[in-house]
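First the structure, in the form of structure tokens, and then the observations on it.
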Amino acid sequence: MAVKLPPVDVVIVGSGWTGGIVAKELAPTGLKVVMLERGRFQDTSPDFAAPQSHDALKYSRRLELAQDLSKETVTFRNDASQTALPMRQYGFFIPGTNVGGSGAHWSGLTWRWSEWEHRMLSGTVEKYGRSIIPSDMHLQDWPIAYKDIEPYYDRFEKVCGISGKAGNLRGKIQPGGNPFEAPRRNEYPLPPMTAAQSMVMFEAATKNLGYNPFPIPTANCSGDYVNPDGVALGQCHYCGHCTNYGCEANAKASPHFTMIPLARKNRNFELRTNSMVMKVNLDSEGKRATGVTYVDARGREYEQPADLVVLGAFVTGNVQLMLHSGIGKPYDAQSNTGVVGRNYAFQSLGGARVEVPRDTFINPFMGSGALGTWIDDWNGDNFDFGKAGYIAGGGISAGQNSGDPLNYHPTGPGQPRWGAGWKKAMADGYQHSTGVGFQGAVMSYRQNFLDLDPTYRDAWGRPLLRVTFDWQANEQKIIAANTAICQQIAAEMSGKKASATPAPGRLIPGRRFSSVPYQTSHNTGGAVFGDDPRTSAVNKYCQSWDVPNVFVLGASALPQNAGRNPTGPVGALAFWAADAIANRYLKRPGRLV
């Protein structure tokens, strides 16, 4: 039987960006706030101190900062006719754990989504008519406009010390920035990072082709920086140990040092690690949360009563908790009814290999998580996608993330796969090849969704979350079109005909989606926000329609996925929701809409 603890005002589930932002914003209110994190405590010192923080075997191969799949995972299938199987090895995405969550091991790309990406449905209908939208596509607008969320984007960028170049300052296009960018009130806090060789070549090639290259906005600091909360971030030293690693210099913004310590300065805030939340407890009518039940590292079960519950876990964690707890109507793909699990989406990736002259050295060991140059000419609605025959597009880039030799083996098509020949090909390719890649948008569909698996259970006996997903015709067209553009740019960079980057099973146009290889961790949807309770699980403040004292934050709120990373919108939405909780909900608890 669970031990019942003294009640608190607020329970926050998860210590990543969303949970961290809400904790930092609510802790000064004087309310008793408890944060529950399933993983262990970690901090820059000693956990990410050099040289141990560069242990490639520990972090990039064994994924020290990732969720323990022996205890909890997801099952996967391509469609409802298949039997889903559990993911027991790290596959298409890598959810983080420990204090800071995925915000500790992320790469750092920090976008504002374009104005169209906030209103994909109405923006598409206005331009092309409703007939362009496939009948099975769940295209939805955000319930808030870009201009409403813009101040919160600005705030998140200042917290993280984003390095970049504005492209649209208060409506005036800026040289060197993204000309397709939505209007912004301020320049980025820091100038762009120093360009790597691959970026210099990509910029020249794309300009030759008439495109508009610009530096990727990144949470890897180009210089020393103190954010508005007084937190100091160091300058990135381009060590190439970002993605799947913590940063010893605090040059990569992470909630474990920008948010959690500020919340902990308040005596009314408590962080409990190794605390796995099992469910949100509801009253007898199922209309109000009474707290949560969680299990500690020794398997002891506790009931933590609370007046307000904030779910700030990963997409899959939020949706699984809602389904286990009976918050909101589960989505039923057959009848196309229900909302929890609806609008799940992923992202597509791919690209082309670039072989450079022998007197050109790429030096891939020098890089950072988000060091790159990008073009948005074929992304969002920046081009005539109606003429192209699909909705949305993708961002195309070149950059240097990590040349970690345990994982980076840039051999080309037809080269040996083992032995001395493979070693020679890898050594040549390491210095004299690079790549052009794309990141494609993925729309939401009736047949792509999340629900509870009827067969497999986690270490605590709960049904695993089941992912049903496959590429649809729209996304296949995006993949094919963007692959061709990458090949065009690669040929311009090298002067040779380029081949698609070999990635069996996932990026070849026409193939079904494979959950086996890692692709990206950019899952979205499952508990989307909206104006209509029939098609959204939470309202525009990320407040549950059915249980108003539960707020569900994170990428689970996004109705579909864009051709760029979601962390910028996730951070902005967390500030937006925290503002609504602190300044509206706490004064008058109840529905905000």
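Annotations for the structure displayed:
- Region 42-98 pair-distance distribution - Cα-Cα, 10 Å bins, rounded %: 19, 41, 24, 11, 5
- Relative pair counts by distance (%), Cα atoms of region 297-432, 5 Å bins: 2, 7, 9, 12, 10, 10, 11, 11, 10, 9, 6, 3, 1, 0
- Gyration tensor verdict on region 363-449 (Cα atoms; rounded if a/c is under 1.5, prolate if a/b is larger than b/c, oblate otherwise): prolate
- Per residue convex hull volume, Cα atoms of region 242-356, in Å³: 199 Å³
- Paramagnetic reach from Arg591 (point 7 Å along Cα→Cβ, amide N under 18 Å) across region 521-536: 528-536
- Each part reduced to its alpha carbon centroid, region 549-567 and region 253-331 end up 18 Å apart.
- Taking one quarter of the surface of the C-alpha convex hull of region 509-553 gives a mean projected area of 5.0 nm².
- Cα-derived Rg to Rh of region 94-209, Kirkwood definition: 1.03
- Helical contribution to [θ] at 222 nm, DSSP H n ≥ 4, -39,500 (n - 2.57), averaged over the chain, rounded to 500: -6500 deg cm²/dmol
- Sorted from longest to shortest, the spans of the Cα atoms of region 314-353 along the three principal axes equal 48, 25, 9 Å.
- Between Arg511 and Glu270, the simple spin-label model (points 7 angstrom out along Cα→Cβ) gives 5.1 nm.
- Protection proxy ranking, highest mean first, for peptides 98-105, 573-580: 98-105, 573-580, where packing is the per-residue count of other beta-carbon atoms within 10 Å, averaged.
- Carbon + sulfur, % of accessible area of region 143-249 - ligands and nucleic acids excluded, 1.4 Å: 53 percent
- Across region 262-322, the volume of the C-alpha convex hull divided among the residues equals 111 Å³ per residue.
- Computed E for Lys287/Asp532 - FRET, C-beta separation, R0 22 angstrom, nearest 0.05: 0.65
- Between Lys387 and Arg446, the modelled labels are 3.2 nm apart [label points 7 Å from Cα along Cα→Cβ].
- Taking the inverse of the mean 1/r over every pair of distinct Cα atoms in region 439-593 gives a Kirkwood hydrodynamic radius of 18.4 Å.
- Partners for Lys423 among lysines (Cα-Cα distance below 26 Å; same-chain residues under 8 apart left out): Lys58, Lys496, Lys497
- In the full protein context, region 68-109 carries 35 Å² of accessible surface per residue, based on a 1.4 Å probe and ignoring ligands, DNA and RNA.
- Overall, the ratio between the Cα radius of gyration of region 220-278 and 2.2 N^0.38 Å, rounded to two decimals, is 1.36.
- For region 1-91, radius of gyration divided by Kirkwood radius, i.e. Rg to Rh on alpha-carbons: 1.09
- Listed by chain and number, the aspartates and glutamates whose C-alpha is less than 12 Å from the C-alpha of Lys252, apart from same-chain residues fewer than 8 away, are Asp224.
- In straight-distance terms, cross-link reach from Lys587 covers every one of the lysines whose alpha-carbon lies under 29 Å from its own, apart from those fewer than eight places away in the same chain; here that gives Lys4, Lys24, Lys32, Lys147, Lys158, Lys265, Lys279, Lys287, Lys329, Lys540.
- Ratio of Rg to Rh for region 164-283: 1.10 [Cα atoms; Kirkwood radius as inverse mean 1/r over pairs].
- Size of region 411-531 from its Cα atoms: along the principal axes, largest to smallest, the extents are 51, 37, 22 Å.
- For the pair region 171-214 and region 340-371, the centres of their Cα atoms are 17 angstrom apart.
- His237-Tyr518 pseudo-label distance in nm [points 7 Å out on the Cα-to-Cβ vector]: 2.4 nm
The values are calculated or read from the model by the stated rules, or taken from the named source; none is laboratory data. It should be emphasised that the depicted structure is a prediction, and the values quoted were computed from it without experimental measurement. Neighbour counts are summed over all protein chains in view; Cβ atoms, including those assigned to glycine, are modelled from backbone coordinates with ideal geometry. Just so you know, the surface numbers come from the protein's heavy atoms only, side chains and all, with ligands and any DNA or RNA stripped out. Shrake-Rupley method; radii C 1.70, N 1.55, O 1.52, S 1.80 Å.
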